[in-house]
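As structure tokens, the structure follows; a few thoughts come after it.
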Amino acid sequence: METNLNTIPGLRVYLQNPPSIRIGGQLTKSLYQYTLVSPDTDQLYKYAQIMNAKMRALPELIDVTTDLQIKSPQIDLNIDRDRALALGATPQQIEDALYTAYGQRWISTIYAPTNEYWVIMELAPQYQQDPQMLSYLYIRSTNGRLVPLNAVSSLKTSLGPLTVNHLGQLPSVTISFNLAPGVALGQAVNEIQKTAADSLPITISGSFQGTAHAFQQSLSGLGLLLAMAILVIYIVLGILYESFIHPLTILSGLPAAAFGALATLMLFHMQLDLFGFVGIIMLIGIVKKNAIMVVDFAIDRERSGNMIPAEAAVKGSLIRFRPIMMTTMAAIMGTLPIALGTGAGANSRRPLGLSVVGGLIFAQIVTLYLTPVFYTYMDSFQAWLSRARRKESGGERLALSHEPWLAPHAKRIEEKP
């Protein structure tokens, strides 16, 4: 549709599907914004056009446009200060006369019974449309005489910006863009930052606004949040099982779940946005719960002395298979409508459902086989560490461990002379 409309001479069309929630930024022709800021407007407008041209050349971006309109006719008024001083007209008096004629000078207020009205002084409309009418404007000099404006100044016609936009009280130019099909926002952000680093001087700063800015802020701390969540879970499991080793066994299924979630997002050409990260964090709790069922059963049977570690782990997977599948299928069916993208605004939440469903399916297949193997090796590693500590301590004693999960494997160590 957009391609067909842009074939019309003199017409350039920008179509967009506005998000259900607009996060900051300006109302631009495209969805994402990148804003340049500088106190020097001449340099800002020069490099804004260069940056706009380079962003148009990036294959990751489409519909690149800018709010900079510098082809608006304007009149530059140059004051002859020496002549104005000779005639008794100061630059401040000239500025006041121009503001009174073409500005919004408030001179009085009319109070009515139900309202009040400001009285604004300005020229009649017919004197505001023709630049030549500036010659009829007079300035009251310091000695009380009226001095014509054209006697102390000269006029020059040029082109300038239609409006001077500001961001944080500094002149700004905003370049808006959309993403090419199949391109993630993070990839586009990286390319724009590289282009800005190669093209802009240090006097011009650039930053993302609106949705792109929220994307940067949301992802900046999500990696740390994910690491902290895993660390807290590890500490809690370590306290629960009184072990530094078996929490790693429980968390061994998380890489498989993350791989399944990312592979599913790639398969359906979805971005790893904030909703996708929330889905991955949800996977931590669900996949951890499945491993806890197996490990808890295996540790209980091993401590009772009935089974060796390998047998206890396999038996735990078989006996706990039914509750694991029940809880997993309940989680999958609960997030499947989100993954299918049904309902109003469902497309924005679809990465959450896809990451949970894909991660659960892949992790469920892998962890049922991975957890018993990992448990067996971790248990052997823990026993090896215990033997190494006993050898270092020396002395003849019965190697009955103070740690209850090692009691079935206690051995007698001969005393060294």
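The values are calculated or read from the model by the stated rules, or taken from the named source; none is laboratory data. Just so it is clear, the model here is predicted, and its values are computed rather than measured. Quick reminder, even Gly has a Cβ in these numbers, built from the backbone with ideal geometry, and neighbours come from all protein chains shown.
Residues are listed down the side, and each one gets a yes or a no for (1) under 40 Å from the mean Cα position of the chain (by Cα); (2) in contact (Cβ under 8 Å) with a residue 12 or more places away in the chain:
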site	(1), (2)
302	no, yes
318	no, no
337	yes, yes
342	yes, no
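Total residues in region 79-107 satisfying the condition of being loosely packed, with under 10 Cβ neighbours inside 10 Å and in a strand (DSSP E or B): the figure is 1. Scanning region 156-169 for any residue that is over 45 Å from the mean Cα position of the chain (by Cα) and closer than 30 Å to residue 47 by Cα turns up at least one such residue. Residues that are exposed (fewer than 14 other Cβ atoms within 10 Å of the Cβ) and outside any helix (DSSP H, G or I) within region 41-73 comprise 59, 69, 71, 72, 73, listed in sequence order. Inside region 168-191, residues that are β-branched (Val, Ile, Thr) and touching a strand residue (DSSP E or B) at 6+ places or on another chain (Cβ under 6 Å) make up a count of 3. Considered as a group, the residues in region 275-323 that are assigned to a loop (DSSP other than H, G, I, E, B), out of contact with any Pro (no Cβ under 6 Å at 6 or more places or on another chain) and farther than 18 Å from residue 365 by Cβ include one that is modelled with the highest pLDDT, and that residue is 308.
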